[in-house]
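Taking it in order: structure first as structure tokens, then the write-up.
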Amino acid sequence: MGRLVHFEIHVDDMDRAKGFYGEVFGWTFEDWSEFAGMPYMGAVTGGEDKPGINGALMKRQGPAPEPNQPVNGYTCTMGVEDYDAIEAKILKHGGEVALPKYALPGMAWQGYYKDPEGNIFGIHQPDENAK
């Protein structure tokens, strides 16, 4: 079975990206640059007591995505407990709305954002009353 076990977010400014994901989602980072042979920060996204995966921030190897370019790859979505509070943090720390909050009726609130590095990601708050 091909279960997803790791993700990588490509960044131009490692400190800016660490600040954004650390402040917005509470991630912590470990320097794995020596192992990877390039600037590479392991991202710990939560404890082992909840489902999820860890990943990394890695130095972008080419140009950043152009505005309005369609996503060419995978988009990661983070589960959150308070959609509106996390959206406020995203915007405060330099993120932008890519696709505004919308209801997945009877299931959740979903939306997509652009981080300060130009990458698209989603946030998802379960809520059976969403409509």
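Since every read-out is calculated from the coordinates, none of them should be taken as a lab result. These numbers were taken from a predicted model, which means no experiment stands behind them. Note that each Cβ is placed from the backbone with ideal geometry, even for glycine, and that neighbours are counted across all protein chains shown.
Obtain the nm distance between the two label points defined at residue 104 and residue 44 by a simple spin-label model: each point lies 7 Å from its Cα along the Cα-to-C-beta direction.
Taking the simple label geometry, residue 104 and residue 44 are separated by 2.8 nm.
Given charges of +1 on the Cβ of Lys and Arg and -1 on the Cβ of Asp and Glu, with all other atoms neutral, how large is the dipole of the chain about its Cα centre, in debye to the nearest 20?
It comes to approximately 300 debye.
Which of rounded, prolate or oblate describes region 1-78 when judged by the alpha-carbon gyration tensor and an a/c cut-off of 1.5? Numbers along the way, then the final one.
Working: a/c = 1.44, a/b = 1.19, b/c = 1.21.
In terms of gyration-tensor shape, rounded.
Which value in deg cm²/dmol, rounded to the nearest 500, describes the helix-derived mean residue ellipticity at 222 nm for the chain, given -39,500 (n - 2.57) per DSSP H run of n ≥ 4 and division by the residue count?
So the calculated ellipticity at 222 nm is -5500 deg cm²/dmol.
May I ask you to derive the relative contact order of region 87-129, considering only C-alpha pairs under 8 Å and at least 6 residues apart, and to give it as an integer percent?
Worked out over region 87-129, it gives 34 percent.
Within 10 Å of each candidate Cβ there may be at most 12 other Cβ atoms; applying that plus a DSSP loop requirement, which chymotrypsin sites (Phe, Trp or Tyr not before Pro) in region 67-131 survive?
Here the chymotrypsin sites (Phe, Trp or Tyr not before Pro) that fit, given the DSSP loop and packing criteria, are 74.
Would you mind telling me the antiparallel percentage of the DSSP bridges in region 1-61, rounded to 5?
60
Could you please report the charge total around residue 83, scoring K, R as +1 and D, E as -1 over all other residues with beta-carbon less than 12 angstrom from its beta-carbon?
Working: positive: 89, 101; negative: 81, 82, 84, 87, 127.
That sum, taken over residues with Cβ under 12 Å, equals -3.
Which value in nm describes the separation of the simple spin-label points at residue 91 and residue 33, placed 7 Å from the Cα toward the beta carbon?
3.5
What ³J(HN,Hα) values, in whole Hz, does the Karplus curve 6.51 cos²θ - 1.76 cosθ + 1.60 give for region 84-97 when θ = phi - 60°, with x put for Gly and Pro?
5, 5, 5, 4, 4, 5, 4, 5, 4, 9, x, x, 9, 6
Just the number, please: percent antiparallel of the DSSP beta bridges in region 69-131, rounded to the nearest 5.
Values: 13 of 16 bridges.
The answer is about 80 percent antiparallel.
Which entries of 50/101; 101/131; 18/89; 18/59; 18/92; 50/114 have Cα-Cα distances beyond 23 Å here?
50/101; 50/114
Restricting to DSSP loop positions (anything but H, G, I, E, B) with no more than 14 other Cβ atoms inside 10 Å of their own Cβ, which trypsin sites (Lys or Arg not before Pro) remain in region 1-71?
The qualifying sites are 3.
Only bridges with both residues in the chain count here: give the DSSP antiparallel percent, nearest 5.
70
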